[in-house]
Amino acid sequence: MKKRLLLLLLSLFMATFFLSSTVLAAEQPITVQPLPLKFFVDGIEQTPAQGQPSFVYQGTTYVPLRFVAESLGQPVTWEESTLRIWIGEAPASSKPKIVVGCDPTFPPFESLEPDNIFSGFDIDIMQAIARTTGLEVEFKSVSFDQLFPSLMANQVDAVISGITVTNERQKRFLFSQPYFTFGLVIAVKSNNNSINKFSDLAGKNVAVQAGTYAQMFVEQQSSAKLSSFDTIEQTLTELKNGQVDAVICDFPSAVAYLRANNQDVKLLAERISPEEMGIAVAQNNPELLGKINSGLQKIIASGEYAEICQKWFGDLPK
């Protein structure tokens with residue numbers, strides 16, 4: 001029995017070593033198939049209990065982890081994020097954890113699915129950055145106007161939510177290199193022919209999302225009568241119902257909402273004030289900022305960033 005266990009453990013070591021090398025170096029795991037396992041102890045051919053799988057690679061048969069674990073009476077735990085396998089109780093994750101605040105009412109950048117799963121362009125970007133830098137990320141739902149207060153109160157470690165990098169914000173927070181650039185757009189009802197450009201908004205009722213760059217820009221650059229709302233959806237609903245003459249928001253958010261709701265609304269061709277978006281951290285956390293920038297550069301170089309852009313914005317009109 002001891003010889004048999006020794007042989008199994010040796011095979012386990014070989015299998016684990018080979019799998020780790022293959023996945024980490026080539027990022028192409030081998031195919032595992034249920035095959036009959038045969039081995040010899042004292043010259044006598046042995047076989048495992050019926051139903052136990054095994055796999056063969058280049059003529060070598062390896063014993064599955066489950067077979068060894070069951071022989072030892074221990075559970076098997078597979079930690080996908082680190083490509084580690086544990087026989088027995090797995091230790092807690094050793095990866096540093098960061099809490100990232102975002103406003104999940106801002107599609108296609110971030111939204112909350114019915115099962116309370118965060119999704120969107122920003123979510124995919126942050127998860128990709130975390131994966132490449134060895135971080136564990138937890139997303140926290142925060143209204144847009146509370147993102148920076150939450151960061152200042154150390155309730156979150158970073159914020160990402162289609163946030164525009166401005167000179168004023170850079171005085172109080174550290175920003176990553178820009179990860180997305182888009183301008184503001186004007187939305188009006190389809191039958192509105194009196195508003196064709198930004199200067200036409202003078203004296204008009206204009207809606208924006210509270211706390212956004214759009215609100216700041218209109219307050220500084222226009223004599224329009226401004227109304228602010230908690231979400232972009234609310235601003236566009238006000239437009240649909242005739243309560244305001246126009247809405248100003250970022251282009252991809254407007255497109256995403258209009259496609260989903262098929263509203264009788266059109267977007268003007270003019271793009272206003274191209275804006276760069278960044279991930280913000282507290283001024284006393286340059287180490288985290290360095291990791292975020294490093295991860296962002298890696299996913300850009302690997303092509304993953306382009307894939308995420310194509311997923312969320314690939315068919316946007318230019």
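Given the conditions (1) out of contact with any Leu (no Cβ under 9 Å at 6 or more places or on another chain); (2) in a loop (DSSP other than H, G, I, E, B); (3) modelled with pLDDT under 90, report the number of the one that ASN154 does not fulfil.
(3) is the only condition that ASN154 fails.
Would you mention how many residues in segment 188-223 are in contact with a Ser or Thr (Cβ under 7 Å, 6 or more places away or on another chain), touching a residue at least 24 places away in the same chain (Cβ under 8 Å) and loosely packed, with under 13 Cβ neighbours inside 10 Å?
0
Out of ALA224, ALA214, ALA207, report the one residue that is of a type in the set (Gly, Ala, Ser) and within 30 Å of TYR305 (Cβ to Cβ).
Details: ALA224 fails: within 30 Å of TYR305 (Cβ to Cβ); ALA207 fails: within 30 Å of TYR305 (Cβ to Cβ).
One residue alone meets the criteria, ALA214.
Just give me the residues in segment 133-151 being assigned to a helix (DSSP H, G or I) and either modelled with pLDDT under 95 or among the small types (Gly, Ala, Ser) (or both), in sequence order.
Keep residues of segment 133-151 that are assigned to a helix (DSSP H, G or I), which gives 133, 144-151.
Answer for segment 133-151, where residues must be assigned to a helix (DSSP H, G or I) and either modelled with pLDDT under 95 or among the small types (Gly, Ala, Ser) (or both): THR133, PHE144, ASP145, SER150.
Specify the residue that is farthest from the chain's Cα centre (by Cα); the eligible residues are those in segment 124-136 that are surrounded by fewer than 22 Cβ atoms within 10 Å (Cβ to Cβ) and among the aliphatic types (A, V, I, L, M). Lay out the reasoning, then the answer.
The initial filter retains those residues of segment 124-136 that are surrounded by fewer than 22 Cβ atoms within 10 Å (Cβ to Cβ), namely 124, 127-128, 131-136.
So of that shortlist, the ones also among the aliphatic types (A, V, I, L, M) come out as 128, 135.
Values: ALA128: 6, LEU135: 13 Å.
This residue is LEU135.
Suppose we filter segment 239-263 for residues that are surrounded by fewer than 18 Cβ atoms within 10 Å (Cβ to Cβ) and either more than 18 Å from ASN192 (Cβ to Cβ) or not aliphatic (A, V, I, L, M) (or both); how many remain? Reasoning before the result, please.
Of segment 239-263, the ones surrounded by fewer than 18 Cβ atoms within 10 Å (Cβ to Cβ) are 240-243, 258-263.
Still in the list and also either more than 18 Å from ASN192 (Cβ to Cβ) or not aliphatic (A, V, I, L, M) (or both): 240-243, 259-263.
Selection size over segment 239-263: 9.
Here is a list: ASP124, ASP115. Which entry is touching a residue at least 24 places away in the same chain (Cβ under 8 Å) and out of contact with any Ser or Thr (no Cβ under 7 Å at 6 or more places or on another chain)?
On the way: ASP115 fails: touching a residue at least 24 places away in the same chain (Cβ under 8 Å).
Unique residue meeting the criteria: ASP124.
Kindly provide the set of residues from segment 233-268 that are over 24 Å from PHE121 (Cβ atoms) and either assigned by TED's automatic domain parsing to the domain that holds PRO107 or basic (Lys, Arg) (or both), ordered by number.
Initial filter on segment 233-268 (over 24 Å from PHE121 (Cβ atoms)): 238, 240-246, 264.
LYS240 - this is the single residue of segment 233-268 that is over 24 Å from PHE121 (Cβ atoms) and either assigned by TED's automatic domain parsing to the domain that holds PRO107 or basic (Lys, Arg) (or both).
Considering only segment 197-221, how many residues are assigned to a helix (DSSP H, G or I) and within 23 Å of GLU276 (Cβ to Cβ)? Walk me through how you get there before you give the answer.
Let us first name the residues in segment 197-221 that are assigned to a helix (DSSP H, G or I), namely 198-201, 213-221.
Filter once more, keeping what is within 23 Å of GLU276 (Cβ to Cβ): 198, 213-221.
Final tally of qualifying residues: 10.
Any residue in segment 248-267 that is at pLDDT 90 or above, in contact with a Pro (Cβ under 7 Å, 6 or more places away or on another chain) and at negative phi?
So far as segment 248-267 goes, no, none of its residues is at pLDDT 90 or above, in contact with a Pro (Cβ under 7 Å, 6 or more places away or on another chain) and at negative phi.
Considering only segment 62-79, I want to know if a residue exists there that is modelled with pLDDT under 95, more than 30 Å from GLU276 (Cα to Cα) and basic (Lys, Arg). It would help to see each step written out before you state the result.
If we filter segment 62-79 for residues that are modelled with pLDDT under 95, which is where we start, we get 62-79.
Filter once more, so that each one left must be more than 30 Å from GLU276 (Cα to Cα): 62-79.
Among the residues that remain, those that are also basic (Lys, Arg) are: 66.
Taking every residue of segment 62-79 in turn, at least one turns out to be modelled with pLDDT under 95, more than 30 Å from GLU276 (Cα to Cα) and basic (Lys, Arg).
If we scan segment 279-289, do we find a residue that is in the same structural domain as PRO149 (by TED's automatic domain parsing), without any contact (Cβ under 8 Å) to a residue 40 or more places away in the chain and not acidic (Asp, Glu)?
Yes: one or more hits.
When the residues of segment 90-112 are filtered to those that are without any contact (Cβ under 8 Å) to a residue 40 or more places away in the chain and touching a strand residue (DSSP E or B) at 6+ places or on another chain (Cβ under 8 Å), which remaining residue is surrounded by the most Cβ atoms within 10 Å (Cβ to Cβ)?
If we filter segment 90-112 for residues that are without any contact (Cβ under 8 Å) to a residue 40 or more places away in the chain, which is where we start, we get 90-92, 94, 104, 111-112.
Filter again for touching a strand residue (DSSP E or B) at 6+ places or on another chain (Cβ under 8 Å), leaving 90, 104, 111-112.
Details: ALA90: 14, PRO104: 23, SER111: 18, LEU112: 18.
Here the residue is PRO104.
The values are calculated or read from the model by the stated rules, or taken from the named source; none is laboratory data. Just so it is clear, the model here is predicted, and its values are computed rather than measured. When we count neighbours, we look across all protein chains shown, and the Cβ atoms used for this are built from the backbone with ideal geometry, even at glycine.
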